[in-house]
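Working notes for the structure below.
The numbers here are math on the coordinates, done by the rules we state, and not lab data. What you see is a predicted model; the values in this text were computed from it and never measured. Neighbour counts are summed over all protein chains in view; Cβ atoms, including those assigned to glycine, are modelled from backbone coordinates with ideal geometry.
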Amino acid sequence: MELTVNGVRLYYEKTGTGRPLVMVHCNSMDHKIFRRAVRVLSHRFTVYCPDSRDHGKSERVKTLHYEDMAEDMHAFITALDLHKPVFYGFSDGGIIGLLLASRYPDLLSALIVSGASLRPDSTKELPLRFFRLWSHVDRSDKMRIMLREPDITDETLRAITVPTFVTAGERDVIRESHTRHIAETIPGASLHIFPNVGHTGYIMRSTKIADYILSVIPEEA
C-alpha cells in the first residue's frame, strides 16, 4: 500500500489484527527486515511497516533529515487515524521514534527503540570510519546523514512521557554508554541488552525482538 505524507510517497505493509503497532527499519534497509517478527506480532497487533523516505519502495529524495522522517511518521499515523499506536524503531527508526515521542507526547501509547543513537559519535569508531568511507561511494544521502545527525539532547529525552523501552545488542555498533544514557534520561524508561548479539542479531532473521515486544506491551483489555 502507499500513502503520501509531507509531499513524499511512502510504501507500507499492514498485517494482522489488534492494537496498532508501527515498526520503522534502520538505515539502508526496508520493512522486510521485520518479516519474521511480524509473523509473531500479527497475532496480537495490526502491524504497520512503512519504508522511510528514500528507502525500499518509498519515494526518493535528495537530502535526508531525521526530523523530516519523524514528521513523516506523525503524518503517517495521523492520516491512517491510528489511535495511540505502539511505536517500534530500530537504529534510524529508533532515532525517529525518540524525536516523534518527544514532539508529540499524546500520539503514542508506548515507545520501543533498539540501537538508537544520540549523535554521530554514539557509533563506535570502526563502523563510523566505514560510514565515512562509504559516504563517498553511495550517491544517496543515507551514509552522510549518520555523519551529521542526529543531535538529541537530554531535554529532548526528558520530554518523552510515554512508557519507553530501550534495547541494544551486547556487541552493538552503538556505544553502550549512549544506550544507557537514553534509558537513564527518559523518565521511567527501562533498558534491556540482548546478550551475545550485535546491532542486527536480534532483529534480522530473528523473532527475539517480537518476543520482547510481546513481553513488555500488555494486551489491551
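Things to note:
- Counted residues, region 50-96 - those being assigned to a loop (DSSP other than H, G, I, E, B), among the small types (Gly, Ala, Ser) and touching a residue at least 60 places away in the same chain (Cβ under 8 Å): 1
- Number of residues in region 87-109 that are more than 17 Å from Ala75 (Cα to Cα) and touching a helix residue (DSSP H, G or I) at 6+ places or on another chain (Cβ under 8 Å): the value is 2.
- Flag if Asp154 is touching a helix residue (DSSP H, G or I) at 6+ places or on another chain (Cβ under 6 Å), acidic (Asp, Glu) and free of Cβ contacts under 8 Å to residues at least 60 places away in the same chain: yes
- Annotation note: of Arg103, Arg44, the sole residue that is basic (Lys, Arg) and surrounded by 17 or more Cβ atoms within 10 Å (Cβ to Cβ) is Arg44.
- Of all residues in region 125-167, those being of a type outside the set (A, V, I, L, M) and buried (at least 16 other Cβ atoms within 10 Å of the Cβ) number 13.
- Criterion violated by Ser109 - all others in (1) without any contact (Cβ under 8 Å) to a residue 24 or more places away in the chain; (2) in contact with a Lys or Arg (Cβ under 6 Å, 6 or more places away or on another chain); (3) not β-branched (Val, Ile, Thr) satisfied: (1)
- For region 1-44, the set of residues classified as at positive phi and in contact with a helix residue (DSSP H, G or I) (Cβ under 8 Å, 6 or more places away or on another chain) consists of Asn6, Gly16, Ser28, listed by residue number.
- Extreme residue, surrounded by the most Cβ atoms within 10 Å (Cβ to Cβ), among residues of region 1-26 that are of a type outside the set (Ser, Thr, Tyr) and out of contact with any Phe, Trp or Tyr (no Cβ under 9 Å at 6 or more places or on another chain): Val8
- Qualifying residues in region 110-124 (those that are surrounded by fewer than 17 Cβ atoms within 10 Å (Cβ to Cβ) and not acidic (Asp, Glu)) - the one farthest from the chain's Cα centre (by Cα): Lys124
- Test for Val47: is it of a type in the set (A, V, I, L, M, F, W, C), in contact with a helix residue (DSSP H, G or I) (Cβ under 6 Å, 6 or more places away or on another chain) and either over 20 Å from Leu98 (Cα atoms) or not in a helix (DSSP H, G or I) (or both): yes
- Near pairs, Cβ below 6 angstrom, 6+ apart or cross-chain, from region 168-193 (without any contact (Cβ under 8 Å) to a residue 40 or more places away in the chain and surrounded by fewer than 23 Cβ atoms within 10 Å (Cβ to Cβ)) to any residue that is outside any strand (DSSP E or B) and among the charged types (D, E, K, R): Thr185/Asp154; Ile193/Glu170
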